[in-house]
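Read-outs: derived from the displayed coordinates by stated rules, not from any lab. Values in this document were obtained by computation on a predicted structure and should not be read as measured data. Cβ atoms come from the backbone with ideal geometry, glycine included; neighbour counts cover every protein chain shown.
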Amino acid sequence: MSSAPPTDLSAIPEDQRDAVLAVLRERDALRDANKRLEHLVAELNQAVHGKRSEKLSEDERQLAFEDLETAVAEAETQQDEQAPPQALPRRAARRNRGNLPKDLPRIEQVIDPDSLD
């Protein structure tokens, strides 16, 4: 995967530069985490599907799985720490639909159908 050319921040309006920089930092962090996880998957594949002389015993394989779980948990924790706190979802407006004021005039009109078959 080739890296993208550096972004020219002078072409971006000033009020959007911080957002662009945050997105670029997040992209780089995700790429690093992705490379780390791909490396761990490659090691695990080697441990499980490698040559017979390179295969691990059941205990060693379990240890490799535990190391993988630990590394994934560390990566997720690091990602959670770096992520900005997300705003709480906006609550729906509480509207009073269906209750009209008492002082409004009320007109009751009954409409009978043309045929009552």
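Quick notes on this one:
- Placing dummy labels 7 Å off each Cα toward the beta-carbon, the span from E14 to H39 is 4.1 nm.
- Hz values of 3J(HN,Hα) by residue in the range 27-44 - Karplus curve (6.51, -1.76, 1.60), Gly and Pro given as x: 4, 5, 5, 5, 5, 4, 5, 5, 4, 5, 5, 4, 5, 5, 5, 4, 5, 5
- In order along the range 13-22, the phi-based Karplus estimate (6.51 cos²θ - 1.76 cosθ + 1.60, θ = phi - 60°) of 3J(HN,Hα) comes to x, 4, 6, 10, 5, 4, 5, 5, 4, 5 Hz; Gly and Pro are listed as x.
- Projecting the Cα atoms of N34, G50, L68 onto the charge dipole of the range 14-82, computed from C-beta unit charges around the Cα centre, puts G50 farthest toward the positive end.
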